[in-house]
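A short reminder: the numbers here are calculations on the coordinates, not readings from a lab. Since we're looking at a predicted model, the values are computed, not measured. A quick note on method: Cβ atoms are made from the backbone with ideal geometry, for glycine too, and the neighbour counts reach across all protein chains shown.
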Amino acid sequence: MCGIVGFSSRTKPACAPLVNGLRRLEYRGYDSAGVALESKEGIKVFKKTGKVAELDRLLKESLSDAEQEGFTIGIAHTRWATHGLPTVENAHPHVADGGGLALVHNGIVENYAALRAQLEKKGCKFVSQTDTEVLAHLVAVFDKGDFLSAVSQALKKVEGTYGIATISKRHPGEMIVARKGSPLVIGVSDGATVVASDVSAIVAHTRQVIYLKDGDVARVTPEGVDIYTLDNVPVSRDVQAVEWDAESVEKGGYEHFMLKEIFEQPESLRNTIRGRLDTVNGTAILAGLGLPPRDLASIRRAVIIGCGTSLHAGMAGKYLFEALADLPTSPEQAAEFRYCNPIIGPSDWAIAVSQSGETADTLAAVRESIGKGALVSAICNVVGSTIAREAGRGVYLHAGPEISVASTKAFTSQVTVLAMMALKLGRTRRLSREEGLGLCNEISSLPDLVSEVLKENDAIAAIAAKYAKVDDMFFLGRGILYPAALEGALKMKEISYVHAEGYQAAELKHGPIALLGAKTPVVALLCDIPGKEKTVGNVQECRARKAPVIGIVTRGDEEAAAHCNDAIFLPRTSPFTAPVVSVVAMQLFAYHVARIRGCEIDQPRNLAKSVTVE
Ligand code: M6R
């Protein structure tokens, strides 16, 4: 969603780092962009609808190279519209104090209408429909000479969430930043201090970062940062080292981040698994869970909470937990969780799954679970993210930055982590050491199995070319392959805009089969695991309605392939590795369909990487 970048230096030009920082945040999804630059004369603001490239063009048309290099302090923003259309007026930065103060904001000011009415009575003039503009005016109204205190007083009036950065001509050299419910990171390097809502906009400058906590407000200068509470009490926050480097957020020669991330999966899975399998005792080592075997053994029920791809991983987790640990488990869609009086308490284990660790609905479900006394763990990719911190215990994916809006490597790592959790849990309950060792082997084999699938890329691209022009598709799976089918359909619809539905293979005949015909291809997950024969039966039902079937089939299983119009061949898997391995084929299939249709693969329309509004 929205992105913030701030840059503060005595000598280094700010324009290029601000624009490049925004480029790093493009993957989050946005519809306009803007920059505010501080100079001796005041604040200069440039805004554009559309892409960051448009903003860059505007800057180049408006300022000579020498002029651009003269600015050493500035703030920048990419906006994803919530209040008001994506127009230049609604784009950030927003200004107040006659243009002398500029502010960028991520999040939502819920009481903005009341605040706006009060400010209008005081004579403030508004030019946008946004909630953010009230923040700029509020800060200006409270500014009696101390910028940080003006921001703190303004923020105390706000109901809602914010990550902000603001500069003012009254306070040259000072940038004030703050967060509540929307991430903000400060990078500390020689000669410049860099601020961003996402660490990927910082790593080109430094890997030494400070993650602000909710309620922090900080004075950022070229020399560093001072952090306070909203009540002006100084606080200290650790400087942490980021594991990612700038190269790992580049495309590395691939046409799209999505393709790069699909091909990274053998490596990302190795990183997820590394050091976590105990091949002597046949269990998993997940120290971050912080749950001793006694606690694991006494858990009554697990709920796995997430949205989108992370929810699908959680659905696969249900099969793993129930099959390996006999633990009743329910996957829960995070946005609905708190609206149905969740019956959850001290003997229940709530597991939040989130790549970004910032998804507002999942965070709200974590808070609800903590409030009800449940054991809460998180499975996140982004280290230091809000969900990871609030859950307090959990397992990081170590999958590396996922830039493409369509989640790929996060899913395979999430399911792998859930498989390791099921193994650990199972060993405290009913799995023998030998069974545990067998599972360790299966999990360790995942990177190689996925490498095998990637070798099918050209064959998958050829099949995609045959079906790329259809309007509708169905994805069928049974058992643990049902969540994989849902994930295959989600990938297809979000990047190619083909209407795609995932179904349990047997459910099709309870209604959706009415839609089948020659123009509705069906992708059927026919990996050679228990239940396959029944899915073959469902495939025959589809063929009888003239629907072309693309089978995802175990290599050598010619019998299953013979029931399909086209077959994508995968290496042999166990039931526990099948969702990971089969999903990679469907990621490639969706990718090639989208590429042939000429879609904007990394930034699909209307979508944001991290959904930080409820
Ligand atoms: O960061 P999270 O894993 O919490 O994000 C959840 C969903 O928004 C996300 O998986 C979304 O469905 C992706 N676009 C799927 O590709």
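Structure notes:
- The calculated FRET efficiency for S298 paired with A66, based on their beta-carbon distance and R0 = 56 Å, is about 0.20.
- Ranked packing of 388-395, 285-292, most packed first, by mean Cβ within 10 Å: 388-395, 285-292
- In nm, spacing of pseudo-spin labels at E435 and N281 (7 Å Cα→C-beta vector): 1.8 nm
- If the segment from A518 to R57 were pulled out straight at 0.36 nm per residue, it would be longer than the present Cα-Cα gap by 161.2 nm.
- Proximal charge balance of Y228 [Cβ under 10 Å; K/R count +1, D/E count -1]: -2
- Gap separating the Cα centres of the stretch 263-281 and the stretch 135-194, nearest whole Å: 42 Å
- Pairwise Cα distances in the chain exceed 40 Å in 31 percent of cases.
- Bins of 10 Å, starting at 0 and running to the largest distance - Cα pair percent for the stretch 469-614: 12, 43, 33, 10, 1
- Counting DSSP beta bridges with both ends in the stretch 251-444, the antiparallel % (nearest 5): 10 percent
- Lysines with Cα under 21 Å of K213, excluding same-chain neighbours fewer than 8 positions away: K156, K157, K180
- Taking Cα centre as origin and charging only the Cβ of basic (Lys, Arg, +1) and acidic (Asp, Glu, -1) residues, the dipole magnitude of the chain rounds to 680 debye.
- Sequence ranges 518-525, 217-224, 2-9, 236-243, ranked by mean other-Cβ count within 10 angstrom, highest first: 2-9, 518-525, 217-224, 236-243
- Within the stretch 75-100, backbone nitrogen closer than 17 Å to the virtual label 7 Å beyond the Cα of K125 toward Cβ: 89-90, 94-100
- The modelled label-to-label distance for the pair R605/V239, using points 7 Å beyond Cα in the direction of Cβ, is 4.7 nm.
- Taking a ≥ b ≥ c as the square roots of the eigenvalues of the Cα gyration tensor, the stretch 574-614 is classed as oblate, since a/c reaches at least 1.5 and a/b does not exceed b/c.
- Pairwise FRET efficiency - K509 versus A113, Cβ, R0 = 41 Å, nearest 0.05: 0.20
- Alpha-carbon geometry of the stretch 251-444: the Rg and the Dmax are 15.9, 49 Å, given in that order.
- Sorted peptide list for 375-386, 87-98, criterion being average Cβ within 10 angstrom, highest first: 375-386, 87-98
- Aspartates and glutamates with Cα under 18 Å of K519, excluding same-chain neighbours fewer than 8 positions away: D471, D472, E501, E541, D566
- Residues S330, S610, arranged from fewest to most other Cβ atoms within 10 angstrom of their Cβ, appear as S330, S610.
- Order of T329, T166, T206, T11 under a 10 Å beta carbon neighbour criterion, fewest first: T11, T206, T329, T166
- Computed lengthening from H499 to I596, 0.36 nm per intervening residue step minus Cα-Cα distance: 33.3 nm
- A compact globular protein would have a Cα radius of gyration near 2.2 N^0.38 Å; the ratio found for the stretch 422-532 is 1.33.
- Local net charge near I167, Cβ-Cβ under 9 Å (Lys/Arg +1, Asp/Glu -1): -1
- Within the straight-line cut-off of under 12 Å between alpha carbons, the aspartates and glutamates reachable from K372 are D348, sequence neighbours fewer than 8 places apart in one chain being disregarded.
- Projected label distance in nm at R274 and D326, using a 7 Å step from Cα toward the beta-carbon: 3.7 nm
- Distance from the stretch 369-403 to the stretch 557-594 (C-alpha centre basis), Å: 31 Å
- Percent RCO, i.e. relative contact order, over the stretch 2-249, from Cα pairs under 8 Å lying at least 6 residues apart: 20 percent
- Theoretical ellipticity at 222 nm over the chain - DSSP helices of four or more residues, -39500 (n - 2.57) apiece, nearest 500: -11000 deg cm²/dmol
- Full extension of the chain between D226 and E559 gives 113.1 nm of extra length, using 0.36 nm per residue less the Cα-Cα distance.
- A simple count of charges around A113, restricted to other residues whose Cβ falls under 15 Å of its Cβ and scoring Lys, Arg +1 and Asp, Glu -1, yields -2.
- Alpha-carbon radius of gyration plus Dmax, which is the widest Cα pair, for the stretch 2-249 in Å: 16.3, 51
- Label zone of A459 (point 7 Å out along Cα→Cβ, amide N under 16 Å): in the stretch 517-559 this covers 524-528, 550-559.
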